[in-house]
Amino acid sequence: MTLDIFKEKGTPLDKQLFTWRELVQAPTSKLDDDAFTRVRIILMNGLESEALRFSHATARMMNGDMRLPLAQIRRVEQHQQTMVNWLLPADLSPLETTIGFEQVAIEVTASVALREPDAYLAQVYRFGLLEDFDHLYRFSALMDRVMGADANNIVQNYSDIMPGRPTIVEHRAPEDNLRDHYISATADPLSKLHAITITASENQTHDYYMTIGPMFADPIARQLYAEIASIEEQHVTQYESLIDPNESPLEQWLLHEAMEVYNYLGCAQYETNPRIKEIWERFVDYELGHLHMVMELFKTIENRDPAEILPQTLPEPIDYQSHRQFVRETLNAEVDLRAAGTQFTHKDDEADRAPLSIAYREQMNSEGSPSEIVAAGYQWTPGTELTEEKSAFAKGASA
Amino acid sequence: MKSTAAKQVLTGNRTGMQTSPELAEELIEGAASATPSSEGGPQDIADYRGEYIAEGFPIGSMPMMPASEEGEADEEEVGMSVFLDKLSERLAFERTGTRLYEALLNKCETLGEQTPGPTLEDIEHIGQEELEHFLMLNRAVTEIGGDPTVQSPCADVAGVMSLGIMQVLTDPRSSMAQCLQAMLTAELTDNAGWELLIKLADNLGYDDLKTEFESALANEEEHLLNVRNWLSECVMDSAQV
């Protein structure tokens, strides 16, 4: 992308204004809009949620100089998140939204894994990808078997619905969820943008599942959300551990704002709905405004040049298209990988190299595995498995 | 810490004003002494909602049909589009209906057959017919050139409406009578849905489908009658009248 983030100043903060009516626009259409429009909405909601989370955490640990600018920018980010998230329509049920979240985790993480310049970080993304890929399959089984609906009407044929690394074996001890972080001084800027993006996305997924899980009446649905929310928390632990903790809070803030410019720009570039594209373009300018405000703080408070941290122009954006082939190849090659400390190992070596995870997993699964129960014998079929007469009411079934 | 709540104690329903008359009186007094911050009434909500309605964004549309030579949909295409939309709605309803009766069967198997109330065989019978209707509609949509996997706008709306029914049926705490009440809502809607579909098939000249739909409606009328009777008997029995 040719946008020069040092020259383009964007919209000044005092011109970033909203009304309630403007925040709550007509939503997108679940049926007519492209699945990747929904993917972008869910992703950007996650990134704005991260902007608030990071800003609050920082404000609680910083001195007086930072608290006001954090609060000022946070006010706008709050409303950006609202405008973005409220684009989801009311007929998109919590379970359908969940399918959308998992599609984000698959297609966005696949793009990140492909573009990531650091081999170890790319491996981490591929590792997480195969777990979220499995979640899509488990939630699709729930949708077919409990709600009587087809998850493919959400993913629109772009993403495969089949088992990945089985959720039942994704449960790990904390010792096996941390990863080695990049080294800020030498890491490619894209690696930094990737790490914040995926951490943000997974964190919002976790929070969403924790909110909606109890809204389901069915006990297996409640258990499945409990189980997969637990994996999403592990994913947040994994991805946030990639970020160099030696970066100062202001440096991380600068990277957060750059990450938002980068992602809104990518959304604008790919968006097929003109009304939504206008929102992405508007928020590119808003984020540039935030970025420049933080650049100034970086200069005055830390006496450092933002150019030490940020690239002149932004890297190629996330690729909003189906990564079916890449995902299948990754599945074939790496489904049997398990985590051992900060590294990965074959499942045959897990007992020796990650005994704490085995013990923890056995405890959690000792009264049954929701993800196995919900998808017992499940094979996605166009429409529903009922077309294959897989029901208690099928001829010859013993009800 | 030693658990002090080994057994759940049922304390009775705590909702309603009479649960705590003294607190209720204070509550009423407080609310009556306050002044609303704005004038107007419930109509203000309607006016605001009206602004969004006037924008004219639909829930969704049917998949693109091949355009006629003139470039505009002719009467036949318009009729077909509406027919496919309503077929998709019934298909979604019967598919969900099969899952609803699976949940009801599950409830009955667990609690045991109750008198009055449906037997396991009764529920299996209805469930099998719901599945047959779904499969018949799947074939019908395919035969007239549609895609049975499409979620049409009416199917989507039907899905939204069914969510509450599913929540009641899959809730382990709901009683058989509460489940039957939810199923009555489904069956009333289902009967009306089949009646409308028969009329539409008739007006569009799909005589063979009309005959198949009439057969399905005859089943559904029986489902409705039975669910209504089971519910009535359960309620009368619990009221001991």
query = Yes or no: B:V150 outside any helix (DSSP H, G or I), in contact (Cβ under 8 Å) with a residue 24 or more places away in the chain and surrounded by 15 or more Cβ atoms within 10 Å (Cβ to Cβ)?
reply = yes
remark   = B:Q128 fails exactly one of (1) in contact (Cβ under 8 Å) with a residue 12 or more places away in the chain; (2) crowded, with 20+ Cβ neighbours inside 10 Å; (3) facing another protein chain (nearest Cβ under 10 Å), namely (1)
task = Spot the failing condition for B:E109; the list is (1) at the interface with chain A (Cβ under 9 Å from one of its Cβ atoms); (2) under 16 Å from the mean Cα position of the chain (by Cα), and only one is missed.
result = (2)
message = Quick check on B:L188: is it part of a helix (DSSP H, G or I), in contact with a helix residue (DSSP H, G or I) (Cβ under 7 Å, 6 or more places away or on another chain) and under 24 Å from B:V157 (Cβ atoms)?
response = yes
message = Can you pull out every residue in the stretch A:349-365 that is in contact with a strand residue (DSSP E or B) (Cβ under 9 Å, 6 or more places away or on another chain) and either surrounded by fewer than 13 Cβ atoms within 10 Å (Cβ to Cβ) or closer than 12 Å to A:F127 by Cα (or both)?
response = A:D349, A:D352
message = Of everything in the stretch B:131-174, what is at the interface with chain A (Cβ under 8 Å from one of its Cβ atoms) and of a type in the set (D, E, K, R)? Give them in sequence order.
response = B:D156, B:D171
Wholly enclosed helices (runs of 4 or more DSSP H) of the stretch A:338-385 bearing at least 1 residues farther than 21 Å from A:L136 by Cα and out of contact with any Asp or Glu (no Cβ under 9 Å at 6 or more places or on another chain) = A:350-353, A:355-364
query = Within the stretch A:309-332, how many residues are modelled with pLDDT of 95 or more and not in a loop (DSSP other than H, G, I, E, B)?
reply = 9
remark   = So the helices (runs of 4 or more DSSP H) completely within the stretch A:10-85 holding 1 or more residues that are within 14 Å of chain B (Cβ to nearest Cβ) are A:20-23, A:35-61
ask   = Consider A:I161 against the criteria (1) out of contact with any Asp or Glu (no Cβ under 9 Å at 6 or more places or on another chain); (2) buried (at least 21 other Cβ atoms within 10 Å of the Cβ); (3) over 15 Å from A:V374 (Cβ atoms): it satisfies all of them except one. Which criterion is unmet?
value = (3)
B:V141 surrounded by fewer than 18 Cβ atoms within 10 Å (Cβ to Cβ), within 30 Å of A:L142 (Cα to Cα), of a type in the set (A, V, I, L, M, F, W, C) and modelled with pLDDT of 95 or more = no
Per-region count, the stretch A:142-162, residues more than 10 Å from chain B (Cβ to nearest Cβ) and touching a Leu at 6+ places or on another chain (Cβ under 9 Å) = 8
inquiry  = Quick check on the stretch B:69-85. Is at least one of its residues over 16 Å from B:W230 (Cβ atoms), within 16 Å of the chain's Cα centre (by Cα) and modelled with pLDDT of 95 or more?
reply    = no
ask   = Of the numbered conditions (1) touching a residue at least 60 places away in the same chain (Cβ under 8 Å); (2) on the phi < 0 side of the Ramachandran plot; (3) out of contact with any Cys (no Cβ under 9 Å at 6 or more places or on another chain); (4) not basic (K, R), A:M44 satisfies every one except a single condition; which is it?
value = (3)
request  = Could you tell me which residue of the stretch A:118-151 is modelled with the lowest pLDDT, considering only residues that are farther than 24 Å from A:D244 by Cβ and outside any helix (DSSP H, G or I)?
outcome  = A:G148
query = Taking the stretch B:162-212 on its own, how many of its residues are of a type in the set (A, V, I, L, M) and within 30 Å of B:E76 (Cβ to Cβ)?
reply = 8
message = Can you confirm whether A:T205 is surrounded by fewer than 21 Cβ atoms within 10 Å (Cβ to Cβ) and over 27 Å from A:P311 (Cβ atoms)?
response = no
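The values are calculated or read from the model by the stated rules, or taken from the named source; none is laboratory data. Remember, it's a predicted structure, so these values are computed and weren't measured experimentally. Cβ: placed from backbone, ideal geometry, glycine included. Neighbour counts: every protein chain shown.
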